[in-house]
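One structure below.
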Amino acid sequence: GEPLEVLGLTLPPVTLYYYLFLALVVGSVLVCVRLERSRIGRAWMAIREDEIAAKAMGLNTRNLKLLAFGMGATFGGVAGSMFAAFQGFVSPESFSLQESVMIVAMVVLGGIGHIPGVIVGALLLAALPEVLRYVASPLQELTGGRLDAAILRQLLVALAMIGIMLLRPRGLWPAPEHGKAAAQPLKS
């Protein structure tokens, strides 16, 4: 792209892409929040909790699952087209297993089924390489240069996943539990 001049300021194309991506992320989060609170979102939650009970309540689970897959494909298609427009070239080598593991780790670390939790997990794991800039060099000196920064990153993500699964199995910021009776105070 070409730079854009707004009110005497010249914005380079990379900055324009940043604002476009930011607007798309905010829009995606708003759509997800609206979907979660809608009738369809409540039906998806019921299917996730207990599919047999949801079917017994009259929900068409097949169509609702197809709609969920379609929505996921829509988000993936928009993200893929933006990635292709920004990079200018896409090949299978652009994506590795490590990226898939990081996405799953973001969801599990933040909290499955809770949008703010997933955002927190994504921010924490996106900030991990920046933290490693200050941590990796002393560790590399201790090991005589045998510890690579990429290996250290994988190790820290694995340790974070293990720690979260042991200490907080539902994530750092889990979704509120639906359908559970509130704890009643004991009467004496």
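The values are calculated or read from the model by the stated rules, or taken from the named source; none is laboratory data. What you are looking at is a predicted structure, and each value in this text was computed from that prediction instead of being measured. As a convention, Cβ positions derive from the backbone with ideal geometry for all residues, glycine included, and neighbour counts pool all protein chains shown. With ligands, DNA and RNA removed, areas are computed over all heavy atoms of the protein, side chains included. Shrake-Rupley method; radii C 1.70, N 1.55, O 1.52, S 1.80 Å.
Quick one: which of 168, 153 is modelled with pLDDT under 85, more than 13 Å from the chain's Cα centre (by Cα), surrounded by 13 or more Cβ atoms within 10 Å (Cβ to Cβ) and not aliphatic (A, V, I, L, M)? Walk me through how you get there before you give the answer.
On the way: 168 fails: modelled with pLDDT under 85.
Sole residue among the options that is modelled with pLDDT under 85, more than 13 Å from the chain's Cα centre (by Cα), surrounded by 13 or more Cβ atoms within 10 Å (Cβ to Cβ) and not aliphatic (A, V, I, L, M): 153.
Hey, can you tell me all the residues within region 47-75 that are over 17 Å from residue 36 (Cα atoms), in a helix (DSSP H, G or I) and open to solvent by 100 Å² or more (accessible area, probe 1.4 Å)?
52, 55, 62
With the requirement that a residue be exposed (fewer than 15 other Cβ atoms within 10 Å of the Cβ) and among the hydrophobic types (A, V, I, L, M, F, W, C), what does region 126-146 give you? Give the derivation first.
At the first step, the residues of region 126-146 found to be exposed (fewer than 15 other Cβ atoms within 10 Å of the Cβ) are 126-127, 129-131, 133-135, 137-139, 141-146.
The answer is 126, 127, 131, 135, 139, 142.
In region 97-125, how many residues are open to solvent by 50 Å² or more (accessible area, probe 1.4 Å), closer than 15 Å to residue 160 by Cα and among the small types (Gly, Ala, Ser)?
The total comes to 0.
Could you please tell me which pairs satisfy a Cβ distance under 6 Å, a separation of 6+ or placement on different chains, a first residue in region 27-46 that is within 21 Å of residue 58 (Cβ to Cβ), and a second residue that is not in a helix (DSSP H, G or I)?
43/59
Filter region 76-96 down to the residues that are open to solvent by less than 50 Å² (accessible area, probe 1.4 Å) and of a type in the set (Gly, Ala, Ser) and list them by number.
Residues satisfying the conditions are 76, 77, 80, 84, 91, 94.
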